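Have a look at the structure below before the remarks.
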Amino acid sequence: MSEIKDRIVSIYTEQTPNPENIKFVINKMLYSHNSIDFPDAESVQGQSPFADALFGLESVRTVFIANNFVTIGKTSDKEWIEIIPEIKEFIKEYLKEDKEVLSLDKIAEKALAEEKDIEENSSEDDAEMIVKIKELLQKYVQPAVEMDGGAIVFKSYDEGIVTLGMQGACSGCPSSTITLKAGIEGMMKRMIPEVKEVVAEAM
């Protein structure tokens with residue numbers, strides 16, 4: 001990230017379908033591999049010094065990092081008009097100082113543990129089904145929801161029921177239930193006949 005010192009860090013905001021979340025779009029790639037969601041400060045667990053620092057701000061409730069943006073969820077007692085300038089300035093200064101954004105080793109370690117847990121709790125037939133479900137999510141769902149500042153990720157598959165996790169702006173978003181039922185469930189039932197229902201993970 002040393003090259004960021006030699007250029008101006010510019011940030012602009014984008015609305016998301018969730019009024020409690022806003023995207024802060026930066027002229028710098030933060031995470032090219034995937035996206036990562038921190039629903040609260042305790043969930044960081046050493047994976048992102050950047051997220052840890054953001055949670056130090058009183059107004060920040062959730063942090064979601066992907067590509068060249070970070071989606072921030074605010075606390076209910078604050079208004080965006082009051083806090084956007086402070087968050088923008090904080091992000092700008094953090095990146096200009098060349099501080100670490102993500103600890104990729106810690107992220108890989110946690111992802112590996114989660115994969116292992118899914119494998120251990122799945123039969124061979126289910127494992128094949130899980131691969132198909134993940135491929136569908138990656139190809140058809142992720143690009144669209146990422147534009148809205150969030151992600152919808154696979155959590156589990158059991159006897160025809162697919163459980164998905166809502167992240168970033170998708171978490172608690174009024175329109176996410178419609179997306180889940182009218183969009184994702186319909187598509188999965190058409191493309192994978194074994195799927196009976198798609199549900200959101202209980203928060």
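Before moving on, here are some points about what is shown:
- Here the Karplus relation 6.51 cos²θ - 1.76 cosθ + 1.60, evaluated at θ = phi - 60°, turns the backbone of the range 46-57 into coupling constants of x, 7, 8, x, 5, 4, 4, 5, 5, 5, x, 7 Hz, with x for every Gly and Pro.
- Cα gyration tensor shape for the range 90-166, rounded if a/c is under 1.5, else prolate or oblate: oblate
- Residues with amide H under 5 Å from that of Ser156, placed H, sequence gap 5 or more: Thr163
- Rounded tilt (10° steps) of 104-120 against the dominant C-alpha axis of the chain: 20 degrees
- For log10 I(q)/I(0) by the Debye sum over Cα atoms at q = 0.08, 0.10, 0.19 Å⁻¹, calculated from these coordinates, the label among (i) -0.29, -0.45, -1.36; (ii) -0.35, -0.50, -1.18; (iii) -0.25, -0.40, -1.49: (i)
- Karplus 3J(HN,Hα) series, Hz, for the range 26-41 with 6.51 cos²θ - 1.76 cosθ + 1.60 (x for Gly, Pro): 10, 7, 7, 6, 9, 8, 7, 6, 6, 9, 9, 10, 10, x, 7, 4
- The angle separating the long axis of helix 124-136 from the principal Cα axis of greatest extent in the chain is about 50 degrees.
- Angle of helix 80-96 to the longest C-alpha principal axis of the chain, folded into 0 to 90 degrees and rounded to 10: 80°.
- 3J(HN,Hα) along the range 61-66, derived from phi through the Karplus expression 6.51 cos²θ - 1.76 cosθ + 1.60 where θ = phi - 60°, amounts to 9, 9, 9, 10, 10, 7 Hz, with x in place of Gly and Pro.
- These residues, Glu120, Glu14, Glu79, go from largest to smallest accessible area, 1.4 Å probe, as Glu120, Glu79, Glu14.
- Scaled radius of gyration (Cα, divided by 2.2 N^0.38 Å) that the range 65-122 gives: 1.64
- CD proxy at 222 nm, helix term only [per DSSP H run n ≥ 4: -39500 (n - 2.57); per residue of the chain; nearest 500]: -10000 deg cm²/dmol
- Using the Cβ-Cβ distance between Glu100 and Met191 with R0 set to 45 Å, the FRET efficiency from 1/(1 + (r/R0)^6) comes to roughly 0.65.
- The range 115-203 shape via C-alpha gyration tensor axes, a/c threshold 1.5: prolate
- Solvent-accessible area assigned to carbon and sulfur over the chain amounts to 51 percent, based on a 1.4 Å probe.
- Loop-located trypsin sites (Lys or Arg not before Pro) in the range 103-203, at most 14 other Cβ atoms within 10 Å (DSSP): Lys196
- Accessible solvent surface per residue of the range 1-106, calculated while the other protein chains remain in place, 1.4 angstrom probe, Å²: 50 Å²
The values are calculated or read from the model by the stated rules, or taken from the named source; none is laboratory data. It should be emphasised that the depicted structure is a prediction, and the values quoted were computed from it without experimental measurement. Cβ sites come from the backbone with ideal geometry, for glycine too, and all protein chains shown count toward neighbours. Just so you know, the surface numbers come from the protein's heavy atoms only, side chains and all, with ligands and any DNA or RNA stripped out. Shrake-Rupley method; radii C 1.70, N 1.55, O 1.52, S 1.80 Å.
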